[in-house]
């Protein structure tokens, strides 16, 4: 095992990783920007290094600064968390070149799976079902129009380099296609420096279901079941749960097996997630691979009783996965809600600011992951995630009741700060969510409904 | 199920019970003394009634005030928590007379099992092993001396009405017996208004292991495994864990079966705990029954995935236990530490006061039960329990590491306030605890060792 | 978003907040270092003044008070104030000895210390409510038959001049 | 156990704590009700005095400051102060262009704005450190070859008079 782990991240995930490092007896080195001088992980860490000013491109995304911090702290491993440099092949490569263990898949695998075009090709070859569409990027508007006519409208045009809900455009009408095609290419170029796009059928009423996979360096892989992440606002998840409601056992098994097969075929190492869309006929289609720990990993930890960060570190240290798929047993139901400092009534606009009062829920089967403290603040420089609240219960109805109870205990106060707490409660109450038959359109339904109807 | 549950308690357990009531959709009625006006459960509850001034005998222990609060709030059930009126047969009886459901066993059962003499008689009859000694109270010093000579020294003289570590005296030397006998009778008279005592063999190196039992109103009973509570200071538990380390599977099964048999024979209803002493030969002896939820119930909840308060309420509402003993499966290991506002260097003297800073641990597999808030205070009028921190892990070594991490995150500050946090860390580090071979003498060993040796 | 403490995109608290903080911290650290308490303390920095005085017997405990006061619990909901007569127990309040009878006292009545002014019934116990001082009933606060909590005001009394 | 706030076995806070609380609350509630801010406020109750003043421009924001000040974040650990020259990146600091060479600048030297005074090496990149103002090097804070963090002070500079 390692001696010192540099955590190249901030916020709740940096603290989350630090906690497991501490439990494993590993020294914790944190990095921070000047915005985060007094953050939770800085206080928790054995050593902390200031890597730059507030804007992430000059600190958390600035490769030379992070590499220097690793050198100065004597780190022998680097955990990238999620976001920031976590899926940058350059970072994995720089770590390898500096003799540091990167806690994640090899640079080449990140490169292949981060490009949606090569990822789709690899997964298709491994036998995973894809939505009808193109594997190779499409060269011009005419080619797109031809593909779209073949597979039928609506279609979705996606940036090859996209991800996290950015760089995609639904096209409902052939007449709009030329304009929308130009727009998405231009957006993709400005967001990712890569204007290649591909086309596939768009499922308006799909569920977002993903599989948590672990692969070691010795060719062993297994999955820790599904997560349903269909409750999304602006294509970002806000409620996640495990297992996925209503998914037939044979689909659970087929999808899990496909995910493991796909990642093993790609030479994956570490914890990874394979995202699928599930249509109303319970058919599933490969969407993308996330080469990192996910924000929503706690729900899987709660149902499986497994510390996924611990498994990441053990795998990175060369240990073998000891368990077999058959030995794993999930128990009960877990739900996570992301508490964002944002205003749902103003299109989820972030509401950063000072936190004067902060009370988190506690008690039976409630887990809180947060880096926020009363007296601290939510910085405008970063993502507005304030806390993750996760609950476990023997079944889904009890888990929903428990989450409602937990959210009711949450108190966040500060000048100008609001949260999506009440919005989450409304979503949890929606008949489609209660029935477990909702899809990714749930939030739109909530927003288009007058309040009286809810 | 009920409409409104009156919670006849305060502090963390009142909030704990309130949380489950809320999850079940039940209205929560709290009571409070003038010391607890702004307490967590008062803020959480749907209704709260002031039942008297700070001293418990005029508020939480004052039966007419509690009964009036139940009437005023329209409660149809009363949850007594632990301590205070929870094991007073009069209270259970008053509830029954007022047409309220008492969440606990019938008054007659509390009466029988609360008296150590009748409890021992009942458990002996149900076939539970007792330590050599008397079942009936012993009438005078001569009779005690005769029994003690028969069973061999050391013996322990215990008040029939005793409990919670009070009203007992170890006698090592026959010459001390007459004096110590007089003293314990006098103590018992002043503490409990009942000077009857009995004698049994004293085990200097015993482990304290208890079984969590659930019995419904239809004659069904099962147990949720063991808890080891051998780490005690001044005969009060400070670290509890489940399962009990090193207990052979056949002893686990025999002890569990005996506990269920004993309580069913006594006509028990609800959640109850049967406490045993285990000697160094893994022989177990019945000690006492606790007719209430225990402080340390969270460790059982974590290993079994069962909300025990929920089961209490369902049983009180007349529901049947649906599961069988064979269907229950415990997972992993759970440990709880009681964080007390006390000074271990001054014989664990309570250190009440204002709490200016309060940071509790969080993240994976950590549970915190507390009613304390920053800006609040620990009242001198009540027990100094500040919080319960419980962790879960797949095995005991990981659970210990996790507890060490969790305790390291705890920050409690306030003028004059100290906690037993560091003392708990020292206990967790002790080679006997790490090996799981400690007994109830562990805390004494820690206190008698010079610091250098630890 | 009008708080001075958090101007958008700025890293530093605004001047007044800083000064307040500085003066408070300076007072706290000065007092902590002293060990004992002075008779008076006055610190001025720019627009901020903290002025403190202690009496002899208060000196030993002043630090705790300074530290704890900003976090002190809010106003009790129903604390007895002035010379209210408050409920001695949670229960049902009665103004008259039995249904239909005249009330023990009415607004405007003079009462003397120890005089019965009502009853609280709790668990069939009839607990007399007595005036705590000589005076005049200014207001009957709780209605006949009302549920009352411990300490809830029942009557407001204007004490007689000594 | 010497805190006045928590006398053993007593139900009530001590007189000083109560009075302090009262005055603070009274000030807060008075100010909250006013809506705008007065020029000065002085509240005295027994031994306790709260005295407050505002300037014209502070009036509108005073409440937020009052409420938030006790929770303001602590002083940043290594913020650049005065006219320090600080590290532009985390890395290794060098005072000279190459091993054995004379340092770019020494204590007492005059420097002009933009003049190179050192190097920070990060990932084999040699990043020049430049004076941010005309002035005199008063102190060399970081040693040659020392690891430095972003923003860490390297030199103290006394700016030239304008």
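Using the structure shown, decide if residue B:334 is in contact with a helix residue (DSSP H, G or I) (Cβ under 7 Å, 6 or more places away or on another chain), buried (at least 21 other Cβ atoms within 10 Å of the Cβ) and either more than 14 Å from chain C (Cβ to nearest Cβ) or closer than 30 Å to residue B:43 by Cβ (or both). Don't jump to the end; show me each part of the working.
Working: in contact with a helix residue (DSSP H, G or I) (Cβ under 7 Å, 6 or more places away or on another chain): yes; buried (at least 21 other Cβ atoms within 10 Å of the Cβ): yes; either more than 14 Å from chain C (Cβ to nearest Cβ) or closer than 30 Å to residue B:43 by Cβ (or both): yes.
So residue B:334 fits the description; yes.
For the range A:360-376, enumerate the residues that are at pLDDT below 95 and closer than 21 Å to residue A:408 by Cα.
A:373, A:374
Does the range B:3-10 contain at least one residue that is within 9 Å of another protein chain (Cβ to nearest Cβ) and in contact (Cβ under 8 Å) with a residue 12 or more places away in the chain?
no
Which condition breaks for residue B:328 when tested against (1) within 22 Å of residue A:367 (Cα to Cα); (2) more than 14 Å from chain C (Cβ to nearest Cβ)?
Failing condition for residue B:328: (1).
State all residues of the range B:366-378 that are within 13 Å of residue B:16 (Cα to Cα), in a loop (DSSP other than H, G, I, E, B) and in contact with a helix residue (DSSP H, G or I) (Cβ under 7 Å, 6 or more places away or on another chain); if no residue qualifies, say none.
Pass one, the range B:366-378, residues within 13 Å of residue B:16 (Cα to Cα): B:367-372.
Applying the additional criterion that residues be in a loop (DSSP other than H, G, I, E, B) yields B:371-372.
Selection gives B:371 alone.
Of everything in the range A:59-81, what is part of a loop (DSSP other than H, G, I, E, B) and either in contact with a helix residue (DSSP H, G or I) (Cβ under 6 Å, 6 or more places away or on another chain) or surrounded by 19 or more Cβ atoms within 10 Å (Cβ to Cβ) (or both)? Give them in sequence order. Show your work before the answer.
Residues of the range A:59-81 that are part of a loop (DSSP other than H, G, I, E, B), as a first pass: A:59-62, A:73-76, A:80-81.
Residues satisfying the conditions are A:59, A:60, A:62, A:73, A:75, A:80, A:81.
For the range C:84-111, give me each residue that is within 24 Å of residue C:123 (Cβ to Cβ) and within 26 Å of the chain's Cα centre (by Cα).
Within the range C:84-111, C:85, C:86, C:87, C:88, C:89, C:90, C:91, C:92, C:93 meet the criteria.
Among what's in the range D:131-155 and is more than 11 Å from every other protein chain (Cβ to nearest Cβ) and under 23 Å from residue A:67 (Cα atoms), pick the residue that is surrounded by the fewest Cβ atoms within 10 Å (Cβ to Cβ).
Selected residue: D:143.
Look through the range B:351-383, keep the residues that are within 12 Å of chain C (Cβ to nearest Cβ) and over 26 Å from the mean Cα position of the chain (by Cα), and return whichever of them is nearest to residue B:59 (Cα to Cα).
The extreme case among them is B:354.
For the range A:319-362, how many residues are closer than 30 Å to residue A:398 by Cβ and in a strand (DSSP E or B)?
The qualifying residues number 12.
When you look at residue B:381, is it closer than 21 Å to residue B:9 by Cα, modelled with pLDDT of 95 or more, assigned to a loop (DSSP other than H, G, I, E, B) and touching a strand residue (DSSP E or B) at 6+ places or on another chain (Cβ under 8 Å), yes or no? Steps first, answer last, please.
Details: closer than 21 Å to residue B:9 by Cα: yes; modelled with pLDDT of 95 or more: no; assigned to a loop (DSSP other than H, G, I, E, B): yes; touching a strand residue (DSSP E or B) at 6+ places or on another chain (Cβ under 8 Å): yes.
No, not satisfied.
Based on this model, can you work out whether residue B:415 counts as over 21 Å from the mean Cα position of the chain (by Cα), in contact (Cβ under 8 Å) with a residue 24 or more places away in the chain, closer than 30 Å to residue A:12 by Cβ and part of a loop (DSSP other than H, G, I, E, B)?
Here the answer is no, as residue B:415 does not meet what is asked.
Which one is surrounded by the most Cβ atoms within 10 Å (Cβ to Cβ), of the residues in the range B:49-58 that are within 14 Å of chain D (Cβ to nearest Cβ) and outside any loop (DSSP other than H, G, I, E, B)?
B:51
Given the criteria more than 14 Å from every other protein chain (Cβ to nearest Cβ), at pLDDT 95 or above and assigned to a loop (DSSP other than H, G, I, E, B), does residue A:264 qualify? Let's see the steps before the verdict.
Details: more than 14 Å from every other protein chain (Cβ to nearest Cβ): yes; at pLDDT 95 or above: yes; assigned to a loop (DSSP other than H, G, I, E, B): no.
Considered against the rule, which asks whether it is more than 14 Å from every other protein chain (Cβ to nearest Cβ), at pLDDT 95 or above and assigned to a loop (DSSP other than H, G, I, E, B), residue A:264 comes out as no.
Does the range B:82-99 hold any residues that are without any contact (Cβ under 8 Å) to a residue 40 or more places away in the chain and surrounded by fewer than 22 Cβ atoms within 10 Å (Cβ to Cβ), and which are they?
Matches in the range B:82-99: B:88, B:89, B:90, B:93, B:94, B:96, B:97, B:98, B:99.
Here is a list: B:181, B:153. Which entry is part of a loop (DSSP other than H, G, I, E, B), in contact with a helix residue (DSSP H, G or I) (Cβ under 9 Å, 6 or more places away or on another chain) and more than 29 Å from residue B:294 (Cα to Cα)? Don't jump to the end; show me each part of the working.
Working: B:181 fails: part of a loop (DSSP other than H, G, I, E, B).
The unique qualifying residue is B:153.
Checking the condition in contact with a strand residue (DSSP E or B) (Cβ under 7 Å, 6 or more places away or on another chain) and on the phi < 0 side of the Ramachandran plot, which residue from B:92, B:98 passes? Full working, then the answer.
Working: B:98 fails: in contact with a strand residue (DSSP E or B) (Cβ under 7 Å, 6 or more places away or on another chain).
That would be B:92, the only listed residue that is in contact with a strand residue (DSSP E or B) (Cβ under 7 Å, 6 or more places away or on another chain) and on the phi < 0 side of the Ramachandran plot.
Enumerate the pairs (first residue in the range A:304-320 and more than 12 Å from chain B (Cβ to nearest Cβ); second residue anywhere and at pLDDT below 95) with beta-carbon separation below 7 Å, excluding pairs fewer than 6 apart on the same chain, so at least 6 apart or on different chains.
Close Cβ pairs satisfying both conditions: A:317/A:1.
Scan (1) surrounded by 18 or more Cβ atoms within 10 Å (Cβ to Cβ); (2) at pLDDT 95 or above for the single condition residue A:116 breaks and write down its number.
For residue A:116, the failing item is (2).
Please work out if residue A:391 is within 14 Å of chain D (Cβ to nearest Cβ) and in contact (Cβ under 8 Å) with a residue 40 or more places away in the chain.
No, not satisfied.
Can you tell me which residue within the range B:164-177, out of those that are modelled with pLDDT of 90 or more, out of contact with any strand residue (DSSP E or B) (no Cβ under 7 Å at 6 or more places or on another chain) and not in a loop (DSSP other than H, G, I, E, B), is surrounded by the most Cβ atoms within 10 Å (Cβ to Cβ)?
B:176
Need the failing condition index for residue B:15 against (1) over 17 Å from residue B:311 (Cα atoms); (2) within 11 Å of another protein chain (Cβ to nearest Cβ); (3) touching a helix residue (DSSP H, G or I) at 6+ places or on another chain (Cβ under 7 Å), just the number.
Residue B:15 satisfies all of (1) over 17 Å from residue B:311 (Cα atoms); (2) within 11 Å of another protein chain (Cβ to nearest Cβ); (3) touching a helix residue (DSSP H, G or I) at 6+ places or on another chain (Cβ under 7 Å) except (1).
To keep it simple, each residue is scored yes or no on (1) assigned to a strand (DSSP E or B); (2) free of Cβ contacts under 8 Å to residues at least 60 places away in the same chain.
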site	(1), (2)
A:194	no, yes
A:239	yes, no
A:244	no, yes
A:252	no, yes
A:258	no, no
A:274	yes, no
A:293	no, no
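Would you mind finding the one in D:129, D:105, D:138, D:117 that is part of a loop (DSSP other than H, G, I, E, B) and in contact (Cβ under 8 Å) with a residue 24 or more places away in the chain?
D:105
Residues of the range A:136-163 being under 19 Å from residue A:87 (Cβ atoms) and surrounded by fewer than 13 Cβ atoms within 10 Å (Cβ to Cβ), which ones?
Within the range A:136-163, none qualify.
Of the residues B:426, B:440, only one is more than 28 Å from residue A:322 (Cα to Cα) and either touching a strand residue (DSSP E or B) at 6+ places or on another chain (Cβ under 8 Å) or free of Cβ contacts under 8 Å to residues at least 12 places away in the same chain (or both); which?
Details: B:426 fails: either touching a strand residue (DSSP E or B) at 6+ places or on another chain (Cβ under 8 Å) or free of Cβ contacts under 8 Å to residues at least 12 places away in the same chain (or both).
Within the list B:426, B:440, the selection yields B:440.
For the range A:405-417: of the residues being closer than 20 Å to residue A:390 by Cα and surrounded by 19 or more Cβ atoms within 10 Å (Cβ to Cβ), which is farthest from the other protein chains (Cβ to nearest Cβ)?
Step by step, filter the range A:405-417, then rank; the result is A:412.
The values are calculated or read from the model by the stated rules, or taken from the named source; none is laboratory data. Because the structure is predicted, anything quoted here is derived from the model rather than measured. Please note: Cβ atoms are built from the backbone with ideal geometry, for glycine as well, and neighbour counts cover all protein chains shown.
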